[in-house]
Structures are given as structure tokens and as C-alpha cells.
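Comments concern the structure below.
The values are calculated or read from the model by the stated rules, or taken from the named source; none is laboratory data. Worth saying up front: this structure is predicted, and the values here are computed from it rather than measured. Counting neighbours? That spans all protein chains shown, and the Cβs are built from the backbone with ideal geometry, glycine included.
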Amino acid sequence: MAIQTSINGKAVTLSAEPDTPLLWVIREELGLTGTKFGCGVAACGACTVHVDGEPARSCSVPVSDVAGKSITTIEGLKSADGTLHAVQKAWIAAQVPQCGYCQSGQIMAAVALIEKTGRPSDAQIDAAMTNLCRCGTYPRIRKAIRTATGQAAQAVEGAV
Amino acid sequence: MTDTPTPDSAPEAPFKRKGVKRRAFLIGGVAIVGAGLFGISIADRNAAKDAKARITGEGEHSFATWLKISEDDAITIYSPHTDIGQGSNTGLAQMLAEELDAAWDQVRVVSAPAEPSFANVGLGRGFIADMSGQPAIINGIPQSFLSFIARQMNLQITGGSTALRFTGQVTFQKVGAATRLALIETAAKRLNVPVGELTTQDSRVIHAKSSQSLRYGELAAQAATLSLDNEPKLKDPAQYRLMRQSIQRLDIPGKVDGTAQYGMDFAIPDMRVATIQAAPVRGGKLTSVDTAIALAIKGVEKVIKLDDAVAVVAKGYWPAISGLRALAPSFSDGGHAGISTASIFKAHDALIAKGEADGEAGEGDVQAGLGNKPIEAKYQVPFLHHAMMEPFALTAQYKDGKLDIWGGMQDPLATKMMAVEVSGLDADNVTFHPMIIGGSFGRRLPMYMEIVSQVTQLAMQLPYPVKLIWSREEEVAQGAYRPQSSALLSAALTDKKRIAAYRNDYAQPESAEDETVFPYTLPAVSRRHFAHVSNQNTGAWRSVNSTQQGFYNESFMDELAHAAGEDPVIFRRNHLKADSRHLRVLDEVAARSGWNTPLPAGRGRGVALVESFKTIVAMVVEASVGEDGMPKLHKVTTVVDAGSIVNPDAAMAQIEGGTIMGLSSAIGEAITLEKGKVQQSNLSDYLLLNMAQSPLVQDIHFLNSGAPMGGIGEPGVPPAAPALANALFAATGKRIRNLPIMTQAKG
């Protein structure tokens, strides 16, 4: 049973079995490997993509659930002329990634947060950014989100 | 081989070194081979010739193995290290390009081929020069490979925070400087001017007097025919323009747009995907499995039985893991079903109580100093999992008598040698292709990565390439953990609030002596190792033994300060040498953290001071206990003396991340065993710190004392756990002697 959906603005017909997690369809059928496999149980967030604009942990979303929906992966963040998204630029400016493996998911989660909140507070960042990073890049992720949204780079304890 | 005698042990004479002979031998082995072969002459001409043949094409010229200059001015640096995100390749390039006076925008770094001609000779030299520092990662090299070292010294390992301080300083700066001299010499001949009138800048040799200049690219062919100066003079740091600068890391752009290709991402035509389950009780064997149920799943092609594991090969990962989960394999327990976390701690206690140490180091008469009523405390820490974000994934293809393997490993050359051993093929027919690594922290050393053998075995019997992926569940259950370890600390105080004697009796598989630096000057101190091995695989976990030893010593120092009724910073000061680097680092962290300033009710500050890999780090954690009983981290102040720093921002990132990893392990991480089997299953029950739980403020300072360069990838980790535990004691009066803290918070 073919599933129709849209990936990064392009209509696609998928041939995967309906119970296949979206992650493996994106990676193996579509060859978009920027979205990562980390845990398979939605605990780490390395596989985060947007489904109709909402962040989703694609390792735990059966592909049948996204029929007719619009999916954006890390490869779809750049504009058509190749210009990086403001959040990606902020990630480079803050030199966020270390091993980099979780960063596609972190960036997708951050973009969704910023689209929803505009200028997220530290509490909103804490609540939304639950993706894991073993290299411990959290301070720089926070810094990049703050600078991408026109806030002072440095968080200050007790500030509202 | 030369006949240079083997250095017997580390140079420090006052310490008795019992039970560390194996390591001393290994290091000695390296020393035998290494003597006289170092420097940029790179061991032998055959290796240089082989290296040149492997990397140079038309219009490209090789210099001292590690550097290639193309006639179009492109500069390629071949790194024998694996950049796992610690920024070592960027740092190595800064060091070489600095001395070469290269134009930075024309420099790129690639992984050196996993071939003996690219063995990291400078790393071996670094080990010897720094013998008491960090030889433990040598234990991560397979046995067969050790003899290989003894013959040819083929090192390509990354670990021990060694890339910049050993490879960078011993080899790369010299390669850059010597190549620059060869380019100048070539230019002098061509322009017919004295060498002394020439300068270099941005990949050009310049003759200011005649306003002429020549590009490195147009000098390279002739310069490459000259023999290079073995000990070129290096730049005065005052002239640096690349080193000591926060240059942006070269690998980062590909890590923000999804284009960086990790081992997990590799694909070639016809490739199948496999996944695997090994005996859940480590040491067990596969006894039986009914394969039909997996083969009935659409997309599954084969079920392959290995000695101690079963693998499912399919068209993709989903059918493969679905097939594996459908199986009900039977495994033996290897006689290990009686092993549990509790049984290991019990065995530790018994060994320490018996008092027959396997190794001892220290000085003074500790027994007399301890007297009849020493202060005693028992500490325990669990196995820790590396939990790097990318699970294991290696792809292998056996075709036309040749085996190719792709993926990310901390030691590409040893990986190749392991595949040679498993496949039975000649080394010439096996190639390992290094890829980007999604985290490692000591986990991706081939000696304790069964996946190298597994994927080789699968590929040798399959007519198509196969990517073997370990599920996260397999990854957690089959780790090469930091060992579960116990320590009984004892000390006696004089009436002047000074330590009279101090003993650290610890039980775990290996001696921690090589990583332990006890910075305090005491009349009598003893460290005794009691060897205990379980059925688990244990390995190097970021900063190796420094995490548990740092936790033991710095927590107990806090207990002693409390017993003496003295402030923890002052108590430590009183046991440090005046004018020492340690004292300066400690004073600096006290000043910067506002150690003596008042805190809101319920909060406490804790301090810890740990040296590892020749870098001294002092940390002050400000913490309280939340309503849920969990530690709340308000602020961390850190002062680091690594001697000097190549890339300040990249170094900062390592200390930030290392601190979080140390705090994470202290708060929530534990691998526990029941009936010989790991109880944790995934990142849902092996709990890593997330953003909300991490300290909002990290205030980090580098002292750059000018002492010999220390490591930077690991030293941020060890002080975090004791500083946090000491802070919680200050806040609550409750001493934490067992990790993780969460287990106790929840009762």
C-alpha cells in the first residue's frame, strides 16, 4: 500500500510497510541521512523532524501516520538558494556541535520552539529542548537559541 | 629494532610500583622500538614512500607523510587521530599551518589512511615523554596488535587527551616548520637570493627587497625532493597568528545541515542491513534458535548464528530489528549467573578486608600514621556506560578476495588489523575507511568492540555488502563500561588539623595508578589496588580512572576538612605546596566562585581539585536539593591550567561538556547487574542529564601557566562528581558516598 506524503516540500510516494517508523523511511527509502537513529524509543530526540510544523520523534511514528502530511527534515531547512536557516547560522556562530550526531534533532527542535514562541525564555527552552546530547553542548544550544532570537547570549540565573 | 635497554618503569623513584608491571612492560616495548626513530624523519623511508604513493596524484607533493601541498596551493593535512568532536583535527591543523605559515582558507584536514605507513610515531614518543601521565589506553589495543607495535609501532589511537600535546607538539608543528624551510630554500635558489632575505606569509615565500614572491604551490614539487630538517626551530608564541586563536572548527558546517556522513549513514548499492543480539549474560554462548519466525517477516533475508550471538540480515533496519525481536534465542550463561551488582561490591569488601593488595604506591609509614582510630569511609561507584549518541554501525563488503570496512573507530589501524585477524586475509587485502564518529568517550576502541569481528564474519559469508547496526538496547547491554569500583579511605589528623597519614584502598579490575595524581603533600600516603574482575567488559571511559579516583579522594578530603572543623578550601590549601600550580588553580576558583560569599538558604558550595592528563582543574559547584529530592545545579565555576591552549573556544567547549558528563554520571547513571545480566535497556532507563537539569551558568577560566601542555578532552570530567557531592553535603549535611545520587534521593 503506497503512502503519499510531502518531504521538504516535495510530494513523494512511499513503498514502506505501514508499521515502518518514519525515521527508517526517511533514512533508507529516501536516503536523507541527516535525521539520526539514536535510541528507537523516543528517549533521545536525535530523530526529530517536523510533521505539519510540529516536532516529532520519527523513530516512534509509524509511516502510515504521516499520510497526507507535510514533513520537514534537517535537509529541508536551508532556503532554495542554499542559504542556511537563521538557527543553523546561530549554531555555527556559537560553535555548538561536538560529535554533532544529535544536532540535526536539536536544531529541528529549536526551530519548532522558536516558530511557536518567538523569543523563548530559559524556562521555555528547558521545557522544549529535551533532546539528549552526550557531548554536553547544552550551554551552547541555549546560547544559539538566545542569539538567534535576538537575546543576550549569556543566561543569567534568576532572570525572567 | 635497536638494542636500547627497556626503561624499567616511570621515572619517579619514591613510589613503590607493584602490580603495574604489565603497563611498564608495554611502555617499555614502545620505548625499545621508538628510540632513535622519532621526529619528522618518520621512522623509515619505506613508510614515507608508501604514504606518498597512497595520497599523491598529478600535481600533488607529499611532505613528511602528514602534509600534502598541491600545485594549486591546496594544503591537505592527514590526521592520524579521530576527531570525535573534540576539535582535535582543527587544532592539529592550526599547529601545522602555524609553523608552515599557510593560508588558513586553503587548509583542509582528512583522516590518514588506516595503513602502517600512517602510524602515529609522535604519539608513541609522547607516551614515553609522559610516562606517568596516561598510558592506560594502551590497554585498549588488541593483543595481536601489541606485537605489531613491538615490530613497527603502528599507533593510530585517539585517547588519553593526547592529540595536540603529543602528536601536535611532537610531530605536526615540526612538519610545518621543516616544510617551510624547504620551501624557503627552494625559493632562494629560484630567485637567486640569500635564504636570510626571505620571509613567509599566507602560503607564499616573499622577497621584500625585490618585491617578488612565489606561491607554495609553485615551489612544492622541488621542495618535496629536499630532505627535511629533523629539528627545525619553532616559532616564538608571540608570533602566533593561528595557534591560541579561537578559529572556527572545520567540521562544524557539515554538522548543522545534515551533510556530515557518520558510519551509521554509509550506504552502497545492494547493501543489506543487519542487527544482532549477543548473549545477555556476557560470557554465554548461543545454544539454539528457531530462525523460521524471523524469516517469515517481509524483508528478512537471513538469520546467521555466531558463536555467542544471532544476527538478522534484511533489506533495511526495521525488518532486521523486527526479525531479531521475533526470535527467541537460547543462550548459556557461561557460569556467570551468580554475578550481580551486590555480589561484586561484596567481593570488593572481602578483598580489601583481607588486605593482600595487588599493587601499592605511596610513601611514608602509613600504618603508624593511621594509629588506632583512623577516620574511615567507604565509597562505591557503579559501572558507567559511554552512551555516545551514535550506536555502533559498521559496513563491510567482501568481494573479489578483498574486504572493505567503513565506519567510525578511535583506532582505524588497529581496526584493520583486527579484521585481518578475523578474516584470515592478508593485510594488503583489507582496507578500513574511517568515517565521522557520533561520540565515543573511549567506547570505540577495537579491542572491546565485538562489532568489528561480527561484521567481518557476516561479510565473509554474504554475497553482498552488509551494514551491521547495534540497536540501542544491544549497545546498553553489551558495553565496555567504566568499572564498578569500591574504595575504603582512611586517614588520621594531627592536633594541628593536618593529615598525618592517608590510605586509599580500592577494588576494581585494573590499577588506577597511572591516572592518579594525588596533589597533596602528606607525611604518609598509600594507594593500594585490589584486583577484582567480573564477567563484564570494562574499558576506558572519558578520563579513565580519574573519575572514580577523583570522587574518592576529593570527597574524602572534604570529610577530613569537616572532621578538622576547617573550611574545605583552606584545608586543601594547607596540604598543597606553596607556589604550586595546584594552589594557584584552587585559589583562583575560590576567588571566582565567591567561595566566601553568603548563599540563599538551602544552597551549598562544594569544591574539588583534580589533575588528570597533566591538566589541573578546580571546580566549585553551587547546588541545592529540589522538591523531588533531586540535585538542582545553580552554578559551576571552573578554573583550568592546561599549560597552554591551542584553540581557546574549542577547549572551553571540552570543559563545558566534560563537566556536564561528570555531573550526569554522578546524578543519574548506573549500569547494574542481576544474574550476570545488565538490567538497563535503553536511554529511557540509563539516564543522561538533559538541558533543564544542567547548570544554567558555567563560568570557566583558563590560567595558561606556560607549563607543558596538558590534555583538554578529559580533565573537565573528574572534579564534577566530588564538587557536586560536597556541595550537597554543605547544603544538607548528608554525605554522599555512593553514586549515582539519584538512587539515594529516591531511597
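May I ask you to say which residue of A:L14, A:L30 is among the hydrophobic types (A, V, I, L, M, F, W, C) and touching a residue at least 24 places away in the same chain (Cβ under 8 Å)?
Values: A:L30 fails: touching a residue at least 24 places away in the same chain (Cβ under 8 Å).
So the residue among A:L14, A:L30 that is among the hydrophobic types (A, V, I, L, M, F, W, C) and touching a residue at least 24 places away in the same chain (Cβ under 8 Å) is A:L14.
A quick yes/no check of all residues on (1) at pLDDT 95 or above; (2) under 24 Å from B:R584 (Cα atoms); (3) buried (at least 21 other Cβ atoms within 10 Å of the Cβ):
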| site | (1), (2), (3) |
| --- | --- |
| B:A487 | yes, no, yes |
| B:I499 | yes, yes, yes |
| B:Y502 | yes, yes, yes |
| B:D505 | yes, no, yes |
| B:P509 | yes, no, no |
| B:T516 | no, yes, yes |
| B:V525 | yes, yes, yes |
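If you take the residues in segment B:325-340 that are without any contact (Cβ under 8 Å) to a residue 60 or more places away in the chain and under 30 Å from B:L295 (Cα atoms), which one is nearest to the other protein chains (Cβ to nearest Cβ)? Going through the qualifying residues, I end up with B:R325.
Candidates B:A540, B:A524, B:A507: the one that is out of contact with any strand residue (DSSP E or B) (no Cβ under 7 Å at 6 or more places or on another chain), small (G, A, S) and closer than 28 Å to B:K614 by Cα is B:A540. Meeting the requirement of 2 or more residues that are away from chain A (no Cβ under 14 Å), more than 25 Å from the chain's Cα centre (by Cα) and basic (K, R), no strands (runs of 3 or more DSSP E) wholly within segment B:45-97 can be named.
I need a count of the residues in segment B:534-559 that are in a helix (DSSP H, G or I) and within 16 Å of the chain's Cα centre (by Cα). Break it down into steps so the answer makes sense when it comes.
Initially, segment B:534-559 is screened for residues in a helix (DSSP H, G or I), giving B:546-559.
This time we only want the ones that are within 16 Å of the chain's Cα centre (by Cα), so: B:546-548.
Of the residues in segment B:534-559, 3 are in a helix (DSSP H, G or I) and within 16 Å of the chain's Cα centre (by Cα).
Of everything in segment A:13-42 that is among the aliphatic types (A, V, I, L, M) and touching an Asp or Glu at 6+ places or on another chain (Cβ under 9 Å), the residue that is nearest to B:V476 (Cα to Cα) is A:V41.
Okay, residues lined up against (1) touching a helix residue (DSSP H, G or I) at 6+ places or on another chain (Cβ under 6 Å); (2) in a loop (DSSP other than H, G, I, E, B):
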{"residue": "B:A623", "(1), (2)": "yes, no"}
{"residue": "B:D628", "(1), (2)": "no, yes"}
{"residue": "B:V646", "(1), (2)": "yes, yes"}
{"residue": "B:I660", "(1), (2)": "no, no"}
{"residue": "B:D699", "(1), (2)": "no, no"}
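Can you name every residue in segment A:1-15 that is small (G, A, S) and either on the phi > 0 side of the Ramachandran plot or within 8 Å of chain B (Cβ to nearest Cβ) (or both)?
Filtering segment A:1-15 down to residues small (G, A, S) leaves A:2, A:6, A:9, A:11, A:15.
Once the filter is applied, which keeps residues that are small (G, A, S) and either on the phi > 0 side of the Ramachandran plot or within 8 Å of chain B (Cβ to nearest Cβ) (or both), segment A:1-15 yields only A:G9.
Okay, residues lined up against (1) of a type outside the set (V, I, T); (2) more than 14 Å from every other protein chain (Cβ to nearest Cβ); (3) in a helix (DSSP H, G or I):
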| site | (1), (2), (3) |
| --- | --- |
| B:A342 | yes, yes, yes |
| B:D349 | yes, yes, yes |
| B:K373 | yes, yes, no |
| B:A387 | yes, no, no |
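Counting the residues of segment A:1-11 that are within 17 Å of A:A56 (Cβ to Cβ) and assigned to a strand (DSSP E or B) gives 4.
Cβ-Cβ distances below 9 Å connect the following pairs, each with a first residue in segment A:74-86 that is without any contact (Cβ under 8 Å) to a residue 24 or more places away in the chain, a second residue that is of a type in the set (F, W, Y), and a separation of six or more residues or different chains: A:L84/A:W91. Scanning for something surrounded by 17 or more Cβ atoms within 10 Å (Cβ to Cβ) and under 19 Å from B:H336 (Cβ atoms), does segment B:284-295 turn up at least one residue? Yes, segment B:284-295 contains at least one residue that is surrounded by 17 or more Cβ atoms within 10 Å (Cβ to Cβ) and under 19 Å from B:H336 (Cβ atoms).
Take segment B:216-250 and flag every residue that is outside any loop (DSSP other than H, G, I, E, B) and of a type in the set (A, V, I, L, M, F, W, C). Steps first, answer last, please.
Step one: list which residues in segment B:216-250 are outside any loop (DSSP other than H, G, I, E, B), which gives B:216-223, B:237-239.
Answer for segment B:216-250, where residues must be outside any loop (DSSP other than H, G, I, E, B) and of a type in the set (A, V, I, L, M, F, W, C): B:L219, B:A220, B:A221, B:A223, B:A238.
Within the set B:P280, B:P329, the sole residue that is buried (at least 16 other Cβ atoms within 10 Å of the Cβ) and either under 30 Å from B:N738 (Cβ atoms) or polar (S, T, N, Q) (or both) turns out to be B:P280.
Restricting the search to segment B:676-698, which residues are closer than 26 Å to B:L633 by Cα and more than 7 Å from chain A (Cβ to nearest Cβ)?
So the first thing to find is which residues in segment B:676-698 are closer than 26 Å to B:L633 by Cα, and the list is B:680, B:682-698.
Result: B:Q680, B:D685, B:Y686, B:L687, B:L689, B:Q693, B:P695.
The residue pairs whose first member lies in segment B:719-730 and is on the phi > 0 side of the Ramachandran plot, whose second member is among the aromatic types (F, W, Y), and whose beta carbons are closer than 9 Å, counting only pairs six or more residues apart or on different chains, do not exist in this structure.
Considering only residues that are more than 19 Å from B:P463 (Cα to Cα) and out of contact with any helix residue (DSSP H, G or I) (no Cβ under 8 Å at 6 or more places or on another chain), look in segment B:297-318 and name the one that is farthest from the other protein chains (Cβ to nearest Cβ). Outline the logic, then answer.
In the first step, residues of segment B:297-318 are kept if they are more than 19 Å from B:P463 (Cα to Cα); the result is B:297-298, B:307-309, B:318.
Going one step further and asking which of them are out of contact with any helix residue (DSSP H, G or I) (no Cβ under 8 Å at 6 or more places or on another chain), we end up with B:307-308.
On the way: B:D307: 26, B:D308: 23 Å.
Among those residues, the one meeting the criterion is B:D307.
If you check B:S213 against the conditions, is it assigned by TED's automatic domain parsing to the domain that holds B:L100, over 24 Å from B:A48 (Cβ atoms) and not in a helix (DSSP H, G or I)? Here the answer is yes, as B:S213 does meet what is asked. Look at (1) more than 30 Å from B:V420 (Cβ to Cβ); (2) at pLDDT 90 or above; (3) touching a helix residue (DSSP H, G or I) at 6+ places or on another chain (Cβ under 7 Å); (4) not small (G, A, S) and you find that B:V175 fails only one, number (1). Counting just the residues of segment A:17-37 that are touching a helix residue (DSSP H, G or I) at 6+ places or on another chain (Cβ under 6 Å) and assigned to a helix (DSSP H, G or I), which one comes out nearest to the other protein chains (Cβ to nearest Cβ)? Restricting to residues being touching a helix residue (DSSP H, G or I) at 6+ places or on another chain (Cβ under 6 Å) and assigned to a helix (DSSP H, G or I), the top hit is A:W24. With respect to the conditions (1) of a type outside the set (D, E, K, R); (2) crowded, with 22+ Cβ neighbours inside 10 Å; (3) free of Cβ contacts under 8 Å to residues at least 12 places away in the same chain, B:I570 falls short on a single one, namely (2).
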